[in-house]
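Asker: I'd like to ask some things about the structure below.
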Amino acid sequence: MASPEAPPQTRPTAEEREAERALKKQDRVSIWKAIPWSTPTMSMSALVSMTSFFTIYATDTLHLNIAVVGGLLVAVKVIDAIGALLAGYLVDRAPETRWGKARPFDLTVIACWALTAFMFSAPGALGDVAKYVWIFTSYLLLTALFMPLFGANSPLFTSRVFPRREHYTDMGAKGAIVVVVVSICITIAMPIAIGQAGKDPAAWSLVAISIAIPATLLGLVRFWLFREDPKAAVVTETAVKFKDIFQVLRHNPYIWVLSGLAALSGIYGGIAAGTYYFRYIVGDISLMGVASVSGIVIIPIMIALPALVRRFSISRLIAFGCFIGTAGFMLMSVAGSNLALIIVAGLMTAMSALPVAFLAPILVLDNSTYNEWKGLRRLESVGGAVFTFATTVGGALAVGIAGAVLSLSGYDGSLDTQGPAAIAGIVAVNSWIPGILAFTTGLVALGYDRLEGRIKEISVEVLERRATAATAAGDASAPSDELGGTEAVRTIRAESGAPFTKDLSDD
């Protein structure tokens, strides 16, 4: 008996193809929006780059003891971690203003750069105690108060400007391209300027002020160009309480996995002492800028990032980047003063940092969706603050480890050359120590893949609950197929090869 013939497949009509293109276009954000939206990240990139010279400024320019500097930095970083948590709490509890709820916190960029310029302007004639007070007071205010506030508002601000979760991934990927290009320019120019300043306190002050003014203006662009959607305000929502935060920490296991990833990346990202490596092993700190030119090779990878995010889960991309970074750190252990090997190793280690920096915030929003699915408060800003808290704790451990290694190896910042033991210590904190941590981070990232496998189903269920609740309340205007404002939920089309579609059992 002949088997029945399969029905012939028909090609989509022109109207159907046009409708599909229109649907895909809804998920995209114009590059001309992505550029100004990313300006605070560009400013923060310059700020992080500038503060990365803090330790060598304190030890080599102000001639302060590296063990004391390291110990004080650990103490400051612990306070920073607490500040990160409080920043998220303050943003979520902030009142609605005529400028919005999250948007006003972009103004803290002014205080960030003012404190940075002040910190790097300590007079060389001051006594050691006065120098410690000057630089660590300003550093504490910068990193424990204003930098956390400057970053904690981003998840909430994003969800109040862009209505769809797909916008976040597209914005993050396109913004990453722009930020990488700007960051390359910063990492080229800043070491050259620092190299010219040498060990002169007055020259360091001039460099800091010259960078602070344009970077402040750049960081304010998003504030002036973007407005929060008035419909995003949830006026009936009760104020966030500490009990809400504790409930999330108790009932959401994935926030702990994400925090572990953040802490480990904070350690291996903060432990490297590249400035010391270039000054005492390569022999010229300004060559850091020359080595950074190679970062242009990363741009094609960033261009491909939107397609990669649609194809693979974010946690797998993070893990893959960490494993590549591990190989790069291992290469640094044998690179010596060979600039070519250093450049190759730098490109590989950058792969361990980029996915975490640009894609992890999306996982924070996914955690908020999971919170709501569990019947908890979403707490977007608190989720971002917890991530920052874990990163800061990692940074504190990194500073402590690096300071201990350099101190025990006999490093002396007043010397123009270091002994073999100090050189070995500098190599260690730039190679095998962060390499081990990067590999461990990759393993932790793979553990987060379980939530990503379920997030589509969770998002659909959350949407259905809201539609049901809106119908019961008689709110016919409530959205049923997408969420906007503070209620950003990750919705993903069930297309061929799309990520996050595997079926897993409930918790």
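No value in this document is a laboratory result; all are computed from the given coordinates. Note that the structure is a prediction, hence the values are computed from the model and not measured. Here the Cβ positions follow ideal geometry from the backbone for every residue, glycine too, while neighbour counts run over all protein chains shown.
Asker: So how far, in whole Å, is the C-alpha centre of segment 173-207 from the one of segment 324-372?
Answerer: Using only Cα atoms, the two centres lie 20 Å from each other.
Asker: Okay, next question. Looking at this model, which pairs from K241/K374; K101/K241; K101/K374; K241/K456; K243/K374; K33/K174 are more than 19 angstrom apart at the alpha-carbon?
Answerer: Working: K241/K374 17 Å; K101/K241 17 Å; K101/K374 25 Å; K241/K456 29 Å; K243/K374 15 Å; K33/K174 10 Å.
Beyond 19 Å between Cα atoms: K101/K374; K241/K456.
Asker: Next up: Would you please put 187-199, 387-399, 323-335 in order of how densely packed they are, using the mean number of other Cβ atoms within 10 angstrom per residue and starting with the highest?
Answerer: Per-residue Cβ counts within 10 Å, averaged per peptide and sorted highest first, yield 387-399, 323-335, 187-199.
Asker: Related question: Peptides 69-81, 362-374: what's the order by average Cβ count within 10 Å, highest mean first?
Answerer: Details: 69-81: 20.2, 362-374: 23.4.
With the highest mean Cβ count within 10 Å placed first, the list reads 362-374, 69-81.
Asker: Another question, then. Can you work out the FRET efficiency for the pair D200 and V334, with r the C-beta to C-beta distance and R0 = 22 Å, to the nearest 0.05?
Answerer: Working: r = 34 Å, r/R0 = 1.56.
Working from the Cβ atoms, E equals 0.05.
Asker: Then there is this: Rounded to the nearest 20 Debye, what is the dipole magnitude of segment 310-394 about its Cα centre when Lys and Arg each give +1 and Asp and Glu each give -1 at the C-beta? Walk me through the intermediate numbers first.
Answerer: Working: 6 positive and 3 negative charges, 44 e Å.
Result for segment 310-394 is approximately 220 debye, rounded to the nearest 20.
Asker: Let me ask you something else. What ranking, highest mean first, results for peptides 215-225, 415-425 when packing means the other Cβ atoms within 10 Å averaged over each residue? Before the final figure, lay out each step's value.
Answerer: Numbers: 215-225: 18.3, 415-425: 14.6.
For the peptides 215-225, 415-425, the packing ranking is 215-225, 415-425.
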